Every structure is written in C-alpha cells, then in structure tokens.
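Accompanying notes for the structure given below.
The values are calculated or read from the model by the stated rules, or taken from the named source; none is laboratory data. The model shown is predicted, which means the values in this text are computed figures rather than measured ones. Every residue, glycine as well, gets a Cβ built from its backbone with ideal geometry; the counts of neighbours run over all protein chains shown. Keep in mind that these areas ignore ligands, DNA and RNA; they rest on the heavy atoms of the full protein, side chains included. Shrake-Rupley method; radii C 1.70, N 1.55, O 1.52, S 1.80 Å.
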Amino acid sequence: MNYKIHIEPGGAIFTANADESILEAALRQNVGLSYSCRDGLCGACKAHVLEGEVSYEGERPEALTEAEQAEGKALLCQAHAGSDCRIEAHVAEAIAGIPIRKLPCRVTETEQLAHDVMRLKLKLPEGTDFKFLAGQYIDFLLKTGHRRSFSIANAPHDADHIELHVRHAKGGESTDFVFEHPETKALLRMEGPLGSFYLREDSNRPIIFMAGGTGFAPIKGIIEHALHMGITRPIHLYWGACSKPDLYMNELPVKWAAEHAHMTYVPVLSDPKPEDNWQGRTGFVHDAIMADFDDLSGFDIYAGGPPQMVHAGFDAFATKGLTEEHYFSDSFEYAKDSK
C-alpha cells in the first residue's frame, strides 16, 4: 500500500509504503526532514500527526513517551503510515538537495587521541564529489550486514578526506578492528552523508554548543565551518568529559577561543582524577550551562553526545525559555552505533 504524506509547514508531499518508515520514504524522495540516530532513541525526528494513522513494528520507541504518543506525536524514523497523513514536522531544507550515496573508502591515516579515541582519515575514490554539511555523519556498512554510525569531524572546505573520531567499544566489531590494527589501510564501504545536525546559518541568534565525549566530533566540524565562513555570532562551547585525558583535543578549542573574540570555551569534568590537578568546572556539562545563563530563550543550542545528556540538556534548558525549534542534536546510543 502507498500512502500520501503531507508535511507542514512548507507543503511537501511524498508517498510512503506501508513497509518503510515515514523518514525512509522522505529521504528516498529528497524531502529534508530533521533526524539523527534513526533508531528511535534521540527524538530529533519527533513530529505531530495532525491527521491519519501511524504504527510501529515493535514497542513504542524509547524517545517517545506514552503521554506524547497520546497527544498525537510520533517518531518518523520508526513510524509507518497506516493511512494518508498530514504531519507537522521540523523541516531541514539544507539537506534536501544533498544525495545520500554508498561509496568505497580507504583508511589512509590513524592517530590515537586518547586511550579510547582514535582519529581516522578516510579517502574516497579519485574524482568523487562527496557533498556534506558540517555536522552530518556516515554509516559504515559492515560485511555482517550491520551498520555503525560516526560523525564527520571536519568541515566541507577541508574535504580532501573524511575525519572521524572513533571511540573504542570493547566487543564492537568495527572499533576493535580499528584499535587492534591501526596500521591497516583498510578498504571499507560507507553510506552518507546522513543526519540533520548542521549550522542554521540563516539565524542571527547566539550559539551554545554542548558536547559530551566524542560528541565533540560533529561540533568541531560545525565550528570550523562557522569560523571559515566568517560567522561572528557569539559562540559558547561547553565540552563535558569524565577526566582530563578525555578532553582529547583540548588544545584546539583553547586555540579557537584565544584567536576569536566572539568565542568562549568551557571544559567541564564530571569525575576528575587526582593526577588531573583540575582547577576548572566540574559536574554535568548541562548544569554548567544552566549556571552561566539566566535566560536561554534567545539562543540556538547544538548538543552532540549520548542520548541521556541530550535529553537532560533540553529538559533543563526548557525551564529557562529554550524551545524545541532552537535545539539541535546529534545523539547516538553508544552501544548500538559506537560513535
């Protein structure tokens, strides 16, 4: 069965098969809807079903509460249409014209940034024109049929390679290989670019970036893009980690803040070790932001990290005036996607 899907605002119309998610149908037809993890965990694709019926193949997705479902909200990455639908959804117009492609790539360089973080540089076949927005991600397509998602950590103006920050997940089929054989110039297969985590350049609001662990990777790409484009809106970067070594590229944001008057950088450690001799901020990274700003209603906030941090951040920021349309996230379940 084919069903017609109307998206508001904007008026986009596309068809969805009963055996695919509404998001899959939209991406297949170049309709740019907001999304991130595609696993029902992050909530970035949450929308309001104004008319029509949707269902899920299994249980209600994790990022959708029972109360939200009762209100008519749905996660488009998991929801299947059961009729023609009219849906109010966040539209990410900038991604609509960027093709999602499956390509071979080769690991050309590895560098261990921390005990559990490796930087990979990937090279695509000569002559490949791979377009992406800073902050998007790619999927590795493994021989087992599984996928593993990793954020692109460089900006499009520096696109002679693709940079990834890979955190080691013990027992993870992709990350074990990377850490046990860092010298291997492996040939891999990838799909991308994916996701709607990118800088909204048409906004004039000051920006807060909140990174947790390797959630710094997509934020690094976005900040490098913003600086390259000469964007001078105030930029505040908060990077949360467990201990000092987990701030695996700390010297880079320190440099950004020193060279750009409109940028500040606040590292936050949740569990500093005695040998860290840490004199900086401690606790949860979203609490540091809450302590520093009395009113968040005028900001755009971009969050990159685990779902718990992303959800806790929005719940807290909403109490100080932040609304959903100004909160953007790159949120991945570590165990599933090993980002």
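A few remarks follow.
- Cβ-Cβ under 6 Å pairs, at least 6 apart or on other chains, segment 54-82 side part of a loop (DSSP other than H, G, I, E, B), far side acidic (Asp, Glu): Gly82/Glu53
- Identity of the residue in segment 6-24, open to solvent by 40 Å² or more (accessible area, probe 1.4 Å) and aliphatic (A, V, I, L, M), that ends up nearest to Arg148 (Cα to Cα): Ala18
- Within segment 25-35, the presence of at least one residue that is in contact with an Asp or Glu (Cβ under 7 Å, 6 or more places away or on another chain), crowded, with 18+ Cβ neighbours inside 10 Å and at negative phi is confirmed.
- Taken over segment 224-256, residues that are surrounded by fewer than 15 Cβ atoms within 10 Å (Cβ to Cβ) and touching a residue at least 60 places away in the same chain (Cβ under 8 Å) amount to 1.
- Breaking point among (1) touching a strand residue (DSSP E or B) at 6+ places or on another chain (Cβ under 6 Å); (2) open to solvent by less than 60 Å² (accessible area, probe 1.4 Å), for Gly221: (1)
- In segment 281-323, residue surrounded by the fewest Cβ atoms within 10 Å (Cβ to Cβ) [restricted to those that are closer than 19 Å to Gly40 by Cβ and free of Cβ contacts under 8 Å to residues at least 12 places away in the same chain]: Asp315
- Search result, residues across segment 8-53 that are part of a strand (DSSP E or B) and within 28 Å of Gly313 (Cα to Cα): Glu8, Leu33, Lys46, Ala47, His48, Val49, Leu50
- Within segment 123-147, considering residues that are modelled with pLDDT of 90 or more and in a strand (DSSP E or B), the one most open to solvent (accessible area, probe 1.4 Å): Lys123
- Against the list (1) closer than 19 Å to Gly11 by Cβ; (2) outside any loop (DSSP other than H, G, I, E, B); (3) more than 17 Å from the chain's Cα centre (by Cα), the condition Leu120 fails is (1).
- Unique match (being farther than 30 Å from Asn277 by Cβ and either open to solvent by less than 10 Å² (accessible area, probe 1.4 Å) or in a loop (DSSP other than H, G, I, E, B) (or both)) among Phe197, Phe209, Phe216: Phe197
- Verdict on Glu259 being of a type in the set (Asp, Glu), over 21 Å from Ile152 (Cβ atoms) and surrounded by fewer than 21 Cβ atoms within 10 Å (Cβ to Cβ): yes
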